[in-house]
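> Please find one structure pasted underneath; my questions will follow.
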Amino acid sequence: MEMGAKEKNQQLYKPYSNGIIAKKPPSSLQQELLELRGSASCSRTEPEFEMADIFYFCRRGVESILDDEVTKRFSSQELDSWNLLTRSNYNFHHISLRLTVMWAVGVLLRYGVLLPLRVTLAVTGIGLLVVLTTLLTFLPNRELMLYLSEKIHLMCYRICVRALTAIITYHNRENKPKNGCICVSNHTTPIDIIILANDGCYSMVGQLHGGLMGMVQRAMVKSSPHIWFERSEVKDRHLVAKRLSDHVADKTKQPILIFPEGTCINNTSVMMFKKGSFEIACTVYPVAIKYDPRFGDAFWNSSKFGMVNYLLRMMSSWAIVCSVWYLPPMNREEGEDAVQFANRVKAAIAAQGGLVDLIWDGGLKRAKVKDAFKEEQQKLYSKVLVGEQDEGDQGDSTHLEIENPDDSTKGQ
Amino acid sequence: MGSRASTLLREEEIEEIKKETGFSHSQITRLYSRFTSLDKGENGTLSREDFQRIPELAINPLGDRIINAFFPEGEDQVNFRGFMRTLAHFRPIEDNEKNKNAAVSEPLNSRTNKLLFAFRLYDLDRDDKISRDELLQVLRMMVGVNISDEQLGSIADRTIQEADTNGDNSISFNEFIKVLEKVDVEQKMSIRFLH
């Protein structure tokens, strides 16, 4: 099964194309409205309103009700054909007895054999990590401690990868992140960390949790320079930036692993990168991770499943098959601000992973969209009505047209 | 072991919706999937909040009016039937050639019904007339703060002047149809559904 999965990895994943409606290629608000009105309009002295203008907004509105770019990113990707997991069963009808039997055999295999094996491995892996890193703190020789710590981290991550039966194909390893830099990646699941750490040592950034997670975090930081924040410190952007800068300035320290989306997205697209990590003056190494949904759904839908539930689902899937591409390092160029740099990196990651590049914010999972975007639409329409009276600011980096001009869709 | 979607949607219902709206079987199940994915409360109906959760709809200047079109008078929830009935307005007209069902008096996606849908977006109080005030309010929704009251008022006045034929200073549905007779409503108010 491993060999078969590895071979399939070579081609670029076919993006999900089972849409509900056929969308026209995106055109601007002005273009559409002019089409709507036909060639009748010529003089621009009077503001022009046509009652038919409403059709444009009406149709865009209903199209977005039928199929929008954002809400579908926060739930698992639908499959073209069933992979014998009940959890991926959305629209598939009962086909045959044979399929049911295969499914039942699959269940027995997954829950009876694979799951117990994997759970044992996972417990061993985490247990070893905690115990050994704690033991290491007793070593007087700091250099030796750091060296061993790296080895131990790698070993434990490799055990965890086996625990998930993660079949990972690393591409372009010559571009692996170096010390004293930042590594950014698209975020689908907390397992991303294990997948990347399997191949190299990173410093993690994150909030200190309580409970089991917190214990693991505290153990890890004793021997390795991870950056954990107290809950209260997380809001303080300057503090965060300072700690990150300090870490990066020290060229002996491992690269920092950051997920600029800030939340888990379902691996069909890359959403807005928060600019914070791109303001720090150092080289950025982008990494693209793409999971093959046929073997198991890696996306963590945090509103539906807690962490333990999620891990159990992971360990009772067939396997986690993914590809990791290390992209060449990027630096902020002259005259480029953090947002533009972030978008450039995002576009590179999306292109490599075959993902849709969106400028919508992943935070829309929980928060409402900002009014500024609606105001932008209203402004555009006003311009059509009264003409281009003032050439306002072009190239505003928050500019968002309803049809998403930055959308570099791949085969959608 | 049936599919999750159709265990909640019975075959008879699908047939009824098919007759009423003209959607095909597979389109209906596909749209039911979409309906359930929007239904965060999982109670078989959509509320206004469920629609507003769609960012592309929330930034549409007429988003609220469109959402309103789904809800019957005075109600706060729309079930799947109502959802489909409203969406049926956007089926392309040529699809009717295949669906020669004499029982349906006028298909929901006829030119007249599409125009009626658009008319109702303007007609805020549902009294079958677009008054100057209603037109102003809708205009204000579309332009935001970027046009002054006076300019907007004169736009509204001119529009009513051009459309109003019986002199009651408001636009009736027939006057509305007349104004838009040259517009390719079929194309502009149609969405191509796949399958």
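> Evaluate region B:65-79: report whether one residue or more is outside any helix (DSSP H, G or I), modelled with pLDDT of 90 or more, open to solvent by less than 10 Å² (accessible area, probe 1.4 Å) and not polar (S, T, N, Q).
yes
> Still on this structure, I have one more. Report yes if some residue within region B:72-89 is in the same structural domain as residue B:38 (by the TED database), in contact with a Leu (Cβ under 6 Å, 6 or more places away or on another chain), more than 23 Å from residue B:14 (Cβ to Cβ) and charged (D, E, K, R); otherwise report no.
No; the residues of region B:72-89 include none that is in the same structural domain as residue B:38 (by the TED database), in contact with a Leu (Cβ under 6 Å, 6 or more places away or on another chain), more than 23 Å from residue B:14 (Cβ to Cβ) and charged (D, E, K, R).
> Is it the case that residue A:178 is farther than 25 Å from residue A:361 by Cβ and not in a helix (DSSP H, G or I)? Spell out the reasoning first.
Working: farther than 25 Å from residue A:361 by Cβ: yes; not in a helix (DSSP H, G or I): yes.
When the stated conditions are applied, residue A:178 passes them.
> Also, quick follow-up: Assess whether residue A:287 counts as being in a helix (DSSP H, G or I) and under 16 Å from the mean Cα position of the chain (by Cα). Outline the logic, then answer.
Working: in a helix (DSSP H, G or I): no; under 16 Å from the mean Cα position of the chain (by Cα): yes.
So residue A:287 fails the test.
> Which of the residues belonging to region B:142-162 are facing chain A (nearest Cβ under 7 Å) and open to solvent by less than 50 Å² (accessible area, probe 1.4 Å)? I'd like the intermediate steps shown before the answer.
Taking region B:142-162 and keeping what is facing chain A (nearest Cβ under 7 Å), we get B:142-144, B:146-147, B:151, B:155, B:159.
Across region B:142-162, the qualifying residues are B:142, B:143, B:144, B:147, B:155, B:159.
> On to the next question. Given the conditions (1) of a type outside the set (D, E, K, R); (2) under 22 Å from the mean Cα position of the chain (by Cα); (3) part of a helix (DSSP H, G or I); (4) surrounded by fewer than 18 Cβ atoms within 10 Å (Cβ to Cβ), and given that residue B:139 satisfies all but one, which numbered condition is not satisfied?
It is condition (4) that residue B:139 fails.
> Which ones in region B:170-192 are more than 23 Å from residue B:129 (Cβ to Cβ) and either of a type in the set (Phe, Trp, Tyr) or open to solvent by less than 20 Å² (accessible area, probe 1.4 Å) (or both)? Spell out how you get there, then give the answer.
Taking region B:170-192 as the starting set, the residues that turn out to be more than 23 Å from residue B:129 (Cβ to Cβ) are B:184, B:186-188, B:190-192.
Listed by number, the residues that qualify are B:190, B:191.
> Moving to a separate point now. Of (1) over 17 Å from residue A:62 (Cβ atoms); (2) at pLDDT below 90, residue B:137 satisfies all except one. Which?
(2)
> Got a number for residues in region A:340-368 being over 12 Å from the mean Cα position of the chain (by Cα), open to solvent by less than 10 Å² (accessible area, probe 1.4 Å) and more than 15 Å from residue A:266 (Cβ to Cβ)?
Of the residues in that region, 3 qualify.
> If we scan region B:55-64, do we find a residue that is open to solvent by 10 Å² or more (accessible area, probe 1.4 Å), of a type outside the set (A, V, I, L, M), part of a loop (DSSP other than H, G, I, E, B) and at negative phi? Walk me through how you get there before you give the answer.
Here is the first cut: in region B:55-64, the ones open to solvent by 10 Å² or more (accessible area, probe 1.4 Å) are B:56, B:58, B:64.
Imposing the further condition that a residue be of a type outside the set (A, V, I, L, M) reduces the set to B:56, B:64.
With the extra rule that they be part of a loop (DSSP other than H, G, I, E, B), the set shrinks to none.
No, region B:55-64 has no match at all.
> Could you tell me whether residue A:198 is within 22 Å of the chain's Cα centre (by Cα) and surrounded by fewer than 17 Cβ atoms within 10 Å (Cβ to Cβ)? Before you say what the answer is, go through the steps one by one.
Working: within 22 Å of the chain's Cα centre (by Cα): yes; surrounded by fewer than 17 Cβ atoms within 10 Å (Cβ to Cβ): no.
Answer is no for this residue.
The values are calculated or read from the model by the stated rules, or taken from the named source; none is laboratory data. Everything quoted here is computed from the prediction, not taken from an experiment. So basically every Cβ, Gly included, is an ideal-geometry build from the backbone, and we count neighbours across all protein chains shown. Note: accessible area is taken over every heavy atom of the protein model, side chains too, but ligands, DNA and RNA are not part of it. Shrake-Rupley method; radii C 1.70, N 1.55, O 1.52, S 1.80 Å.
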